[in-house]
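Worksheet for the structure shown next.
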Amino acid sequence: MPIKVENLSKIFGKKTKEATRLLDEGYSKEEVLEKTGCTVGVNRATFEVEEGEIFVIMGLSGSGKSTLVRLLNRLIEPTEGSVEIDGQNLATMNKENLREIRRTKMSMVFQKFALFPFRTVLDNAEFGLEVQGIEKEERTQKAKEALDLVGLGGYANQYPSQLSGGMQQRVGLARALTNDPEVLLMDEAFSALDPLIRKDMQDELLDLQETMKKTIVFITHDLDEALRIGDRIALMKDGSIVQVGTPEEILINPANDYVEKFVEDVDRSKVLTADKIMKRPETVDYDKHGPRVALERMREQGLSSIFVTDRSRNLKGYVTAEDARKAREEGVSQLSSIMKDDMPTVDLDTSIQDIFNVIHDAPVPVVVTEDGKLRGVIVRGAVIAALADGNEVNGDGA
Amino acid sequence: MVLDNIPYIPVADGVDWFVDKITDWFSFVFDPIKDGFGWLLDNSADYLAMVPPIFIIILVAILAFFLSGKKFGLAAFTIVGLIFVQNQGLWEELMFTFTLVFYASLISVLVGIPVGILMSKSKLAESIITPVLDFMQTMPAFVYLIPAVAFFGIGMVPGVFASFIFATPPVVRFTNLGIRQVSKELVEASDAFGATGNQKLFKVELPMAKRTIMAGVNQTVMLSLSMVVIASMIGAPGLGREVLSALQRADAGPGFVAGFGIVILAIIIDRFTQNLNKEK
């Protein structure tokens, strides 16, 4: 059990005792601030990080996650509680022991990289070993190995300012890995990178983790990132941990309204909606066309049914190929007599999850409408493809 | 009147008494400093004055050329300026002034940087030292000459002392500022990797603060130059003494020439210290 955190609190301000007492009595963060002038950074966090897992601590800004990670290596002095690493309590140990832990057992990667601008990439990577007083030759060799690991072997003699953001953070990662620590603390390590690079870095971290098997505590405000890389996720709000669980547990079983809302919010914005997967519908005109035209169009496109609209594309219903053939044989010229209107309809912003429920037993493709006007249709294949892929699917090509 | 009822407070007498006592009590410190340091200053200036000017001019010009990134501007100015001073018969005075500035700034920097570091590390130190620095900088510079004479007599040593008091504050302030400006993440990074306080200072904070500190050093050097000129009033030799004696004789010509010599020295020193601070 590499990290065991119990009742860990950080209260900023002078009257910490009183603030602690008020928290014990169940007052909220705001009330404590009002009554004592103290800011609750972290409020009695208790959790355990298993060996070799990526433990994500996630929360919005101001939720205390950055404070919490700094309590883990005591960059911030805890007000209360304990942090046990390999059975040693970091929160109470003396400066020398703390330094020893920081040097050998845990390294940190920073949001804004925190590289030393006057040192080369190699010298940056060597920093951790340099402060331990390791011989130049040995530390250079280890730093080079770490740089190779993150794919920056060829940049050893450059300065950080000569590298892109993504590369700089690789140096940050290499610097942390050079020490060969048991625990990696990553404070919003990828948040300053643009989305594409961020995704690359996430992939790379997961690849590295396959072989390294470090214990990683990863801080993020991005639920997508948390779900992507986390073995387990701790959700924070107002300094407290509201839920700890695997990504599935958090999505399926949100512990409370806050988590639910969080997950929902993310879903609403991220998950695919109808307009992303619909395709252009084949239609016939209610006023102009009869069964003959409808049948012809269905034959051309290889469809078994076709939608009927009026001149301004208001959806009227649909006719099936079978009905149209019968009507033609019987000499019926109006579509109205064979038209059906039991097709399922959804809106442009209906999520795939909901579409999946209605498409299951619909006789015809799901229709997407906006103010009664036909905008597109969704076939079963497109939904399944989108669910399977998890990526955006372009309806026109589906 | 109410105010007239407050008895006169003998501050001036108190300061007199204090200076007298300090002079008495610490004469065992001041006297050796006066003798030893006076000997060092005299000898340095004398030896410097013995070197043929042409050697010094060439050496300084070469330094200027390389310091300014292999450009000819500063080197050319140095050559013309120094030849002018030599031509006006002020070479020896220039050497004396330079010696004074050199030692005065050296002491200011050697004391100032550690004090600045202390200030940056401790809020208490900062709150005590800041008003002292304000006092040192705003008190008219002439005032320091008086106790300087009491402690060290007349000559170069009291000049260096007065200059030290007057010129040290900038390097202290800039050192403090430079270290406090080091980004929090870099400080956290060095802590997180288990650097000791000294390692953090020498491997991260001072290198990061270097440019700010050098700007402070530049200020300090320029202030000591201005002070060693004033120090001519208590018998410090050099270009300042020429200005002073021209003033006493209301002799505009020699006064201007000596003043011009000071300007040349000031520009050379300023550009040298600034170029030291430029990124290579």
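The values are calculated or read from the model by the stated rules, or taken from the named source; none is laboratory data. Not measured: the values here are computed from a predicted model. Please note: Cβ atoms are built from the backbone with ideal geometry, for glycine as well, and neighbour counts cover all protein chains shown. Accessible surface areas use protein heavy atoms only, side chains included; no ligands, DNA or RNA. Shrake-Rupley method; radii C 1.70, N 1.55, O 1.52, S 1.80 Å.
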**Complete:** Mean per-residue count of partner chain Cβ within 10 Å for A:127-137 equals 3
**Item:** Long-range amide H partners of A:ILE3 with built H, under 5 Å
**Value:** A:VAL49
**Asked** Hey, what number do you get for chain A at 222 nm if only DSSP H runs of n ≥ 4 count, each worth -39500 (n - 2.57), divided across all residues, to the nearest 500?
**Response** -12000 deg cm²/dmol
**Prompt:** Got a sec to turn the phi values of segment A:39-55 into Karplus ³J(HN,Hα) couplings, 6.51 cos²θ - 1.76 cosθ + 1.60 with θ = phi - 60°, whole Hz, x for Gly and Pro?
**Reply:** 9, 7, x, 10, 10, 6, 7, 10, 6, 10, 10, 7, 5, x, 9, 9, 9
**Request:** Would you please classify the overall shape of segment A:64-117 from the alpha carbon gyration tensor, given that a ≥ b ≥ c denote the square roots of the eigenvalues, rounded means a/c under 1.5, and beyond that prolate means a/b larger than b/c while oblate covers the rest?
**Result:** oblate
**Message:** Under 23 Å between alpha carbons, and skipping anything fewer than 8 positions from A:LYS373 in its own chain: which lysines qualify?
**Reply:** A:LYS276, A:LYS279, A:LYS288, A:LYS316, A:LYS340
**Prompt:** Which value, in debye to the nearest 20, gives the size of the charge dipole of segment A:274-397 about its Cα centre, when Lys and Arg are +1 and Asp and Glu are -1 at the Cβ?
**Reply:** 440 debye
**Request:** Starting from the exponent 0.38 and prefactor 2.2 Å, build the expected Rg for segment A:161-258 from its residue count and divide its actual Cα Rg by it.
**Result:** 1.16
**Message:** Of the candidates A:ALA327, A:ALA255, A:ALA274, which one comes out as most mobile in a Gaussian network treatment of chain A with C-alpha springs shorter than 10 Å?
**Reply:** A:ALA327
**Prompt:** By Kyte-Doolittle mean hydropathy of at least -1.0 and Cα axial length of at least 24 Å, which whole DSSP H helices of chain A are selected?
**Reply:** A:195-212
**Fill in**
Between A:LYS316 and residues 5 or more places away or on another chain, the pairs with built amide H atoms under 5 Å apart involve A:VAL308, A:THR309, A:ASP310
**Message:** Can you list residues from other chains, or at least 5 along the same chain, whose modelled amide H is less than 5 Å from the amide H of A:LYS237?
**Reply:** A:VAL242
**Neighbour-limited loop hits for GluC sites (Glu not before Pro), segment A:97-189 (at most 11 other Cβ within 10 Å; DSSP other than H, G, I, E, B)** = A:GLU135
**Item:** Electrostatic dipole magnitude of the protein assembly as shown [Cβ: Lys, Arg +1; Asp, Glu -1; Cα centre; debye, to 20]
**Value:** 1500 debye
**Message:** Can you compute the equivalent ellipsoid semi-axes for segment A:274-397, i.e. the square root of 5 times each eigenvalue of the Cα gyration tensor, sorted largest first and rounded to whole Å?
**Reply:** 27, 14, 12
**Fill in**
Output field shielding_mean for B:192-204 (other chain Cβ, 10 Å radius) holds 6
**Three-way shape label, segment A:271-312, alpha-carbon gyration tensor, a/c 1.5** = oblate
**Request:** Straight distance only, please: which aspartates and glutamates reach the Cα of A:LYS15 with their own Cα at less than 16 Å, same-chain residues fewer than 8 apart left out?
**Result:** A:ASP24, A:GLU25, A:GLU30, A:GLU31, A:GLU34, A:GLU77, A:GLU80
**Prompt:** For the protein assembly as shown, what are the per-bin percents of Cα-Cα distances with bins 10 Å wide, up to the bin holding the maximum?
**Reply:** 3, 11, 15, 14, 13, 13, 11, 8, 5, 4, 3, 2, 0, 0
**Request:** For A:LYS15 and A:GLU145, calculate 0.36 nm times their separation in residues minus their Cα-Cα distance, and state this gained length in nm to one decimal.
**Result:** 42.0 nm
**Request:** Ignore the peptide's own chain and count Cβ atoms of other chains within 10 Å of each Cβ in B:178-189; give me the average, rounded.
**Result:** 4
**Prompt:** If the limit is 19 Å between Cα atoms, which of B:LYS210/B:LYS278; A:LYS95/B:LYS121; A:LYS105/A:LYS213; A:LYS10/A:LYS237; A:LYS136/B:LYS121 go over it?
**Reply:** A:LYS136/B:LYS121
**Asked** When all protein chains stay in place, what accessible area (Å², nearest 10, 1.4 Å probe) is found for A:VAL242?
**Response** 40 Å²
**Fill in**
Calc'd 3J(HN,Hα), segment B:196-204, phi into Karplus 6.51 cos²θ - 1.76 cosθ + 1.60 (θ = phi - 60°), Hz, glycine/Pro = x, comes to 7, x, 5, 4, 4, 5, 7, 8, 10
**Request:** Assuming a ≥ b ≥ c are the square roots of the Cα gyration tensor eigenvalues, decide whether chain B counts as rounded (a/c under 1.5), prolate (otherwise, with a/b larger than b/c) or oblate.
**Result:** oblate
**Prompt:** Can you work out ³J(HN,Hα) from phi for every residue in segment B:217-230, in order, using Karplus 6.51 cos²θ - 1.76 cosθ + 1.60 and θ = phi - 60°, giving whole Hz and x for Gly and Pro?
**Reply:** 4, 4, 4, 4, 4, 5, 5, 5, 4, 5, 6, 5, 5, 5
**Fill in**
The rounded separation in angstrom of the Cα centers of segment A:164-221 and segment B:165-235 is 35 Å
**Request:** Evaluate the distance, in nm, between pseudo-label points positioned 7 Å from the Cα of A:ASP371 and of B:GLN137 along their respective Cα→Cβ axes.
**Result:** 6.8 nm
